[in-house]
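Scroll down for the structure; my scribbles are underneath it.
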Amino acid sequence: MLSDLLPGISYGFAAAVTPGPLSMYLISQAVAAGWRRAMPVAFSPLISDGPVAVLVLAVLSQVPSDIVQYLRIPGGLFMLYLAFEAWKSWRTFDSETTVSAQSGPNNLWKAAVVNWFNPNLYLGWGIILGPIVLSAWQKSPAKGIAAVLGFYATLIGTMIAMVILFAVTRNLGPKVRKNLIFLSSIGLAILGLYQLWLGISAVRK
């Protein structure tokens, strides 16, 4: 069970702290509007990801299981790319440009729309989470569900922590965020290499 949980947990943490449209919107709301108005943003993936996840899993479930395993190779390469991008963000981190004051009603739906226009959502489910979840599901439905829960529990939990961090400790926040970005780059690199190894092992069988 742990081997099925760890990839989802690792990717959930990395997805939350790696710079992107949703994380930037989350931070801007926490800084500009306070934690109460920003908190709903942390739950926006539950809205935005649902249709994409259902579509991707429906498609992948119709293809041979070997193909799903082979998708781990582009998934691993994409995660290495994300690790490199996170590393570059850490190297060039600028606390003055990571937040921009925005505020407005219906933050939850605004964040969902922001995420729908984020290509990483589709790539992540198509070549990373989709194969992980289906591989776990083939072992047992409970493991497949656990992989999904591990990802979203970590993603949302980390985003909630970020809201509190940036709303309450604004001076400390950017420094901590820089460290989290560095940790995410390491985690993405390790997970990317692991996915590559699984995909290459499937090809060589």
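The values are calculated or read from the model by the stated rules, or taken from the named source; none is laboratory data. Small disclaimer: the values here were computed from a predicted structure and weren't measured. Heads up, the Cβs are rebuilt from the backbone with ideal geometry, glycines too, and the neighbour counts pull from every protein chain shown.
Among the listed residues K175, K143, identify the single one that is over 15 Å from A16 (Cβ atoms), modelled with pLDDT of 85 or more and of a type in the set (K, R). Result: K143 is the single residue among K175, K143 that is over 15 Å from A16 (Cβ atoms), modelled with pLDDT of 85 or more and of a type in the set (K, R). When L22 is tested against (1) surrounded by 18 or more Cβ atoms within 10 Å (Cβ to Cβ); (2) at pLDDT 85 or above; (3) not acidic (D, E), exactly one condition is not met: (2). Of all the residues that make up region 117-138, how many are modelled with pLDDT of 85 or more and farther than 25 Å from W197 by Cα? Within region 117-138, residues that are modelled with pLDDT of 85 or more and farther than 25 Å from W197 by Cα number 0. Tally time: how many residues in region 32-47 are in contact (Cβ under 8 Å) with a residue 40 or more places away in the chain and surrounded by fewer than 21 Cβ atoms within 10 Å (Cβ to Cβ)? Count: 10.
Y152 satisfies every condition listed in (1) under 23 Å from Y81 (Cα atoms); (2) modelled with pLDDT of 80 or more; (3) more than 14 Å from the chain's Cα centre (by Cα); (4) not hydrophobic (A, V, I, L, M, F, W, C) except (3).
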